[in-house]
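Take a look at the structure below.
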Amino acid sequence: MEEQNQTPDMNTQQAANAGAAQAPEAAAAGADDIARLTQQVADLEAKAKEHYDMFLRATAEGENIRRRSQDEVSKAHKFAIESFADNLVPVMDSLQAALADNTGDLKKLREGVELTARQLSAAFERGKIVEVNPVGEKFDPHRHQAISMVPSEQEPNTVVAVLQRGYTIADRVLRPALVTVSAPR
């Protein structure tokens with residue numbers, strides 16, 4: 001029986017000796033894993049910090065672009081009419097010169113008014129303002145405003161006369177033309 005008792009003790013001792021031999025290897029492997037994991041955490045934290053910095057810079061750049069765009073739109077609204085106003089200044093000069101004329105010569109006054117009208121037409125042309133004179137055209141409620149209907153030989157709803165000219169700017173109605181329209185027969 002003693003031999004049987006001795007065998008388990010020997011097995012236990014051999015296992016203990018094997019475990020003791022593996023413990024330093026396991027401890028060394030555990031220390032390597034901890035060092036590797038610590039390095040990975042440090043690398044990931046550095047990468048996260050780098051991405052956060054990139055995010056902050058991108059956010060700031062987006063905010064700067066938004067502010068610049070708002071400033072540009074504001075300036076465009078504020079100074080959009082500057083070019084057109086620059087074209088109207090000579091017209092005002094001509095009108096003031098006509099008013100300052102005390103000669104009483106109606107022929108010269110008429111010539112001055114015609115010159116001023118040409119200047120104003122040129123300013124309108126440069127400002128892309130187009131006169132709407134729809135005589136003979138079909139009535140268009142988007143571009144014309146009918147004041148009355150009159151009997152006419154023309155087809156019904158045709159513009160017969162223009163009482164006040166209309167204007168468009170860049171194909172958008174600035175002021176509709178006041179018109180009379182032919183009545184249905």
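The values are calculated or read from the model by the stated rules, or taken from the named source; none is laboratory data. What you see is a predicted model; the values in this text were computed from it and never measured. Counting neighbours? That spans all protein chains shown, and the Cβs are built from the backbone with ideal geometry, glycine included. The protein model used for the area step is the full one, side chains on, heavy atoms only, and it has no ligands, DNA or RNA in it. Shrake-Rupley method; radii C 1.70, N 1.55, O 1.52, S 1.80 Å.
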Looking at the stretch 141-156, can you tell me whether even one residue there is at pLDDT below 90, out of contact with any Gly (no Cβ under 6 Å at 6 or more places or on another chain) and on the phi > 0 side of the Ramachandran plot? no
So LEU115 passes all but one of these: (1) open to solvent by less than 60 Å² (accessible area, probe 1.4 Å); (2) in a helix (DSSP H, G or I). Which condition number does it fail? (1)
Specify the residue that is farthest from PHE84 (Cα to Cα); the eligible residues are those in the stretch 148-171 that are under 41 Å from the mean Cα position of the chain (by Cα) and polar (S, T, N, Q). ASN157
Of these, PRO8, PRO90, which one is at pLDDT below 85, open to solvent by less than 80 Å² (accessible area, probe 1.4 Å) and on the phi < 0 side of the Ramachandran plot? PRO8
Where the second residue is open to solvent by less than 20 Å² (accessible area, probe 1.4 Å) and modelled with pLDDT of 90 or more and the first is closer than 15 Å to MET92 by Cβ and lies in the stretch 120-137, which pairs have Cβ atoms under 7 Å and are six or more apart or on separate chains? LEU120/VAL91; ALA123/VAL91
What are the residues in the stretch 118-129 that are open to solvent by 80 Å² or more (accessible area, probe 1.4 Å) and not in a helix (DSSP H, G or I), if any? LYS128
Just checking, how many residues over the stretch 130-139 are open to solvent by 50 Å² or more (accessible area, probe 1.4 Å) and part of a strand (DSSP E or B)? 3
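Residues checked against (1) open to solvent by 80 Å² or more (accessible area, probe 1.4 Å); (2) modelled with pLDDT of 80 or more; (3) small (Gly, Ala, Ser):
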| site | (1), (2), (3) |
| --- | --- |
| GLN13 | yes, no, no |
| ALA23 | no, no, yes |
| ARG36 | yes, yes, no |
| GLN39 | yes, yes, no |
| ALA42 | no, yes, yes |
| GLU45 | yes, yes, no |
| ASP105 | no, yes, no |
| LYS108 | yes, yes, no |
Quick one: would you say ALA85 is open to solvent by less than 60 Å² (accessible area, probe 1.4 Å) and either part of a helix (DSSP H, G or I) or over 30 Å from ARG175 (Cα atoms) (or both)? yes
